[in-house]
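Quick notes on the structure that follows.
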């Protein structure tokens, strides 16, 4: 049994009268791909934002490797090993793939961002960029301008930039969003390959990919985790099916795919 790498305890986030995370509890084990699923508005992205430090919790605790990180800012969480790959790509489209990756290495190593013009010439940054590109299959387009890449390759680059930060826990927010079937397949293979070296939390609307990739799945409804289990356990959980399909007996009772 793997040890617990992340523990979320009674986490709450309110936006006025809206409770986005409602005394949420979650346990992530080292080395697993742990998917978060749930209806739109369930609080998945809000929870990721709290884990990464973008949103401060109103109450509750987040423990990473036993350390309370609830009040740590983003950069200190990155230094501790928690890195988020965003739902909406955050790339610099006029720079090359190499320059984008080097900037991610730069952020991790603490180099100044004042040297954008020469960043790709620094050997340590260049080496880190090459390593990240190799991990995500972009070594052949290192000198290509990012804005000319396909959407799927831009998503791979975004993941490469997250990997350049040397994460121990990688938060993936809809990595397959907007990709075509072939790009989605490649991204799934890439995510599967990362499980050897990283613990991953995956938010993804492609249920086929979720049930194929995840070791365990947690289901959020109205900001709370209502069930956690293996893909088979979640697929056949009556409470989960009801949460997705509603209580109308006239609706189809098809299992989650």
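A short reminder: the numbers here are calculations on the coordinates, not readings from a lab. Since the model is a prediction, treat every value here as computed from it, not as a measurement. Here Cβ is always computed from backbone atoms with ideal geometry, including for glycine, and neighbour counts include all displayed protein chains.
Here are a few things to note about the model shown:
- Between 0 and 90°, nearest 10: helix 181-194 axis offset from the chain longest Cα axis: 90 degrees
- For the chain, the C-alpha radius of gyration divided by 2.2 N^0.38 Å, with N the number of residues, is 1.04.
- Degrees, to the nearest 10: 123-136 long Cα axis against longest axis of the chain: 40 degrees
- Which of 65, 204 has the fewest Cβ neighbours within 10 Å, and the rest in rising order: 65, 204
- Spatial offset of the stretch 121-187 relative to the stretch 1-47 amounts to 26 Å, using the alpha carbon center of each.
- The residue 94 and residue 233 beta-carbon pair, evaluated with R₀ = 35 Å, returns a calculated FRET efficiency of approximately 0.15.
- Ordering of 156-162, 185-191 by burial proxy (mean other Cβ atoms within 10 Å per residue, highest first): 156-162, 185-191
- As a proxy for reagent exposure, ranking 196, 76, 44 by other Cβ atoms within 10 Å from fewest up yields 196, 76, 44.
- 15 Å reach of a label modelled at residue 226, 7 Å along Cα-to-Cβ, counting backbone N of the stretch 3-22: 22
- Estimated [θ] at 222 nm from DSSP helical runs (n ≥ 4, -39500 (n - 2.57)) normalised by residues in the chain, nearest 500: -10500 deg cm²/dmol
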